[in-house]
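Q: I'd like to ask some things about the structure below.
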Amino acid sequence: MARNDYAFPLFGKYEDVGYEVQSGMSLRDWFAGMALVGELSAQSQENGEYLESDFIHLADRCYSVADRMMEKREIPETDGKDG
């Protein structure tokens, strides 16, 4: 993944204000967080619920989703037709 984009980038020149400005969280972290929200909101007694012992696997799954989304960003857009 060559891109190191930020989820909430700041634009402009901030050196003049006398303090450091962070560029925000990485886009990969943002995507993983969104995947986490989806995973946790899908929990139910019917679908099962995550236990604390599952959290490392949950994190791995969410970052796998994020990595795939980052890869997809590298693929040039087409005319909107899949396949």
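Q: Under 5 Å between amide hydrogens, which residues at least 5 positions from Tyr6 or on another chain qualify, with H placed 1.01 Å from N in the peptide plane?
A: Placed amide hydrogens put Leu27 under 5 Å from Tyr6.
Q: Let me ask something else. How much length would be gained if the chain were fully extended between Leu58 and Met25, taking 0.36 nm per residue of separation minus their Cα-Cα distance, in nm to one decimal? Walk me through the intermediate numbers first.
A: Numbers: separation 33, 0.36 × 33 = 11.88 nm, distance 1.98 nm.
Net length gain for the segment: 9.9 nm.
Read-outs throughout are calculated quantities, based only on the coordinates presented, and are distinct from any laboratory measurement. As the structure is a prediction and not an experimental result, all values here were calculated from the model.
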